[in-house]
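Okay, so here's the structure we're looking at.
The values are calculated or read from the model by the stated rules, or taken from the named source; none is laboratory data. Not measured: the values here are computed from a predicted model. Cβ placement follows ideal geometry from the backbone for every residue including glycine, while neighbour counts extend to all protein chains displayed.
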Amino acid sequence: MFFFHSAFFLFCLLEDACVSLFFCVLPIKTVFVLSEESFFNACTGVRSEIERMREPVIVSHYDADGLASAGVSARALRKMGKKFRSIVFRKLGEQELACLKGEREIIFTDFGAGSIDLVAELKAHKVVIDHHQGAENNSVLQANPCAHGFDGGREVSAAGVAFFVFGFPELADLALVGAVGDMQAHSQFGLTGLNRKIIKAGEECGAVKASKGLKLFGRNFRPLAPFISYSTEPFLPFLTGSDDACKRFVESLGISLQENEKWRNYLDLSESEKKQLATALIVHAYSLAGEFSARELVGEVYSLTNQPEGTELCDAQEFSTLLNACGRNDKPELGLNVCLGEPNALHEAKQLLQTHRNNLREGVKFAQAHVEDFHHYHFLDAREAIADGIIGVIAGMLYSTIDRSKPVVAFSLDSEKSIKISTRATTRLVKNGLNLGAMLRTACAGLGWGGGHNIAAGATINASSSNEFLLAAARELKKQKTIQAS
């Protein structure tokens, strides 16, 4: 039975790779019609409040979606003729909110829902544009899909919510950058839910084009060998990190690496060569890393037609990776400048990207060698090995080689030597009832702060509370399994 299932899956992938290259994207019907109406009404209300602001400060998270949502907001404010400032934080706790006490007008993007009661205490004129799980507070105006029946972890990112708040269709490109950066693109069907409305709006105004293809970074510009060797999502055994191995791999297919002394990239290949390369990579990934890695290789890709041609900014995934490189290497303001098209910002961001991808490769190697099975979850203690800025990314990448029937809990250290916790799960686990955001909020009670999405969440606790948290996490995950079984 297992052999039949595996063989059938591989056949389907190869068939798709050889015919149209990849999976078809099915139209997604909206389930929550009334919820959709109430969500858009909330977006309109937030927009009305912003229109009354004179010179707001945009406060956002440092990851790709946080920077993209700040970028959507900043570009929209420019269109509205408003001045603004921006502040980027790694988390939004009491210390960060204390820094905002002197502000008069604040737009929170990709932040606020999980700290809504603390946000409510600020005297400033404020709104929240977020997609994380959180509580209601009538004193703070929010645009949050979670309050209207949508899954903020899968159906729309903070950048997408900002897109719906401001209503400028040409900003669909940054909205998709945020969604892709927040890992919302399903391996088979691409972006779903409210994200499909963003794609449609972007295609209608000429800012976006959705198609099918390999999802590896560098399709637009990177020579074929590094195009494959730089793949960290998914991690390709014996290919990731080795240009020489990738050269041999491509040449073994009869595909030339050069043409007229110019290194060829993916877009330079003929359609038959693209299909041949896709087929070979799918077989390689499936045989050495499993079904998950094979699925992650292919899917819907998003071209951003208003961005500078031939650069990373032409592709939503590549754009989001650049933003992650900026934010997670302590240069979030550079990422926002990239979103705004500021001179020289792209060049500087590309330099950071090399460091970022090297750190990811080394981090994955450490994680694969040190991850442990703690019965209710996989545990990775990387407090002395992996930076807190990339621990969440690496936790998710572990699923290319570990059992996917339980979540991942990973530890690193932040700049204050507190424990930064990042958790990741799979779509199947979430469908079965797992909610990591709820688990962290409860498990961290009295130890620190925690929250986020059902599929990905984070927390910060005191360094002395590690064992207490690990036991609490196990208890909460066991409770969720009991609920699922009942």
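When you look at ARG154, is it surrounded by 23 or more Cβ atoms within 10 Å (Cβ to Cβ), among the charged types (D, E, K, R) and not in a helix (DSSP H, G or I), yes or no? Reasoning before the result, please.
Values: surrounded by 23 or more Cβ atoms within 10 Å (Cβ to Cβ): yes; among the charged types (D, E, K, R): yes; not in a helix (DSSP H, G or I): yes.
Answer is yes for this residue.
Residues in region 298-321 that are crowded, with 21+ Cβ neighbours inside 10 Å, over 18 Å from SER231 (Cβ atoms) and of a type in the set (Val, Ile, Thr): 0 in all. If the condition is being touching a residue at least 60 places away in the same chain (Cβ under 8 Å) and either out of contact with any Gly (no Cβ under 6 Å at 6 or more places or on another chain) or among the aromatic types (Phe, Trp, Tyr) (or both), then region 201-219 contributes GLY206, ALA207, LYS209, ALA210, SER211, LYS212, GLY213, LEU214, LEU216, PHE217, GLY218, ARG219.
Restricted to region 192-260, the set of helices (runs of 4 or more DSSP H) holding at least 1 residues that are under 30 Å from ALA369 (Cα atoms) and hydrophobic (A, V, I, L, M, F, W, C) comprises 224-229, 243-252.
Each row is one residue, and each column tells you yes or no for (1) outside the structural domain of SER157 (by TED's automatic domain parsing); (2) surrounded by fewer than 17 Cβ atoms within 10 Å (Cβ to Cβ); (3) closer than 20 Å to GLU51 by Cα.
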{"position": "ARG104", "(1), (2), (3)": "no, yes, yes"}
{"position": "PHE108", "(1), (2), (3)": "no, no, yes"}
{"position": "GLY114", "(1), (2), (3)": "no, no, no"}
{"position": "HIS125", "(1), (2), (3)": "no, no, yes"}
{"position": "ILE129", "(1), (2), (3)": "no, no, yes"}
{"position": "SER139", "(1), (2), (3)": "no, yes, yes"}
{"position": "GLN142", "(1), (2), (3)": "no, no, yes"}
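Looking only at region 349-397, residues that are touching a strand residue (DSSP E or B) at 6+ places or on another chain (Cβ under 9 Å), over 23 Å from LYS417 (Cα atoms) and hydrophobic (A, V, I, L, M, F, W, C) come to 2 in all. Among residues of region 41-64 that are farther than 16 Å from ASN144 by Cα, those with a beta-carbon under 6 Å from a residue that is loosely packed, with under 15 Cβ neighbours inside 10 Å and basic (Lys, Arg) at least six positions away or on a different chain give the pairs GLU55/LYS83; VAL57/ARG85.
Restricting attention to region 450-466, the residues that are crowded, with 19+ Cβ neighbours inside 10 Å and either under 19 Å from the mean Cα position of the chain (by Cα) or more than 20 Å from ILE390 (Cβ to Cβ) (or both) add up to 10. For region 249-290, which residues satisfy the criterion of being among the aliphatic types (A, V, I, L, M) and either touching a Cys at 6+ places or on another chain (Cβ under 9 Å) or not assigned by TED's automatic domain parsing to the domain that holds GLU318 (or both)? The answer is ALA278, and nothing else. Quick one: would you say GLN368 is more than 16 Å from the chain's Cα centre (by Cα), surrounded by fewer than 18 Cβ atoms within 10 Å (Cβ to Cβ), in a helix (DSSP H, G or I) and without any contact (Cβ under 8 Å) to a residue 12 or more places away in the chain? Criteria not met by GLN368.
If we scan region 152-169, do we find a residue that is at pLDDT below 95 and under 24 Å from ALA445 (Cα atoms)? Yes - at least one qualifying residue is present in region 152-169. Checked against (1) modelled with pLDDT of 95 or more; (2) assigned to a loop (DSSP other than H, G, I, E, B), MET183 passes all but condition (1).
One line per residue, one yes/no per condition, for (1) within 30 Å of VAL364 (Cα to Cα); (2) of a type outside the set (Lys, Arg); (3) in contact with a Pro (Cβ under 9 Å, 6 or more places away or on another chain); (4) not assigned by TED's automatic domain parsing to the domain that holds GLU271:
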| position | (1), (2), (3), (4) |
| --- | --- |
| ILE199 | no, yes, no, yes |
| PRO226 | yes, yes, no, no |
| SER229 | yes, yes, no, no |
| THR240 | yes, yes, yes, no |
| LYS247 | yes, no, no, no |
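One residue stands out among those in region 157-171 that are assigned to a helix (DSSP H, G or I) and touching an Asp or Glu at 6+ places or on another chain (Cβ under 8 Å): the one that is farthest from ALA425 (Cα to Cα), which is PRO169.
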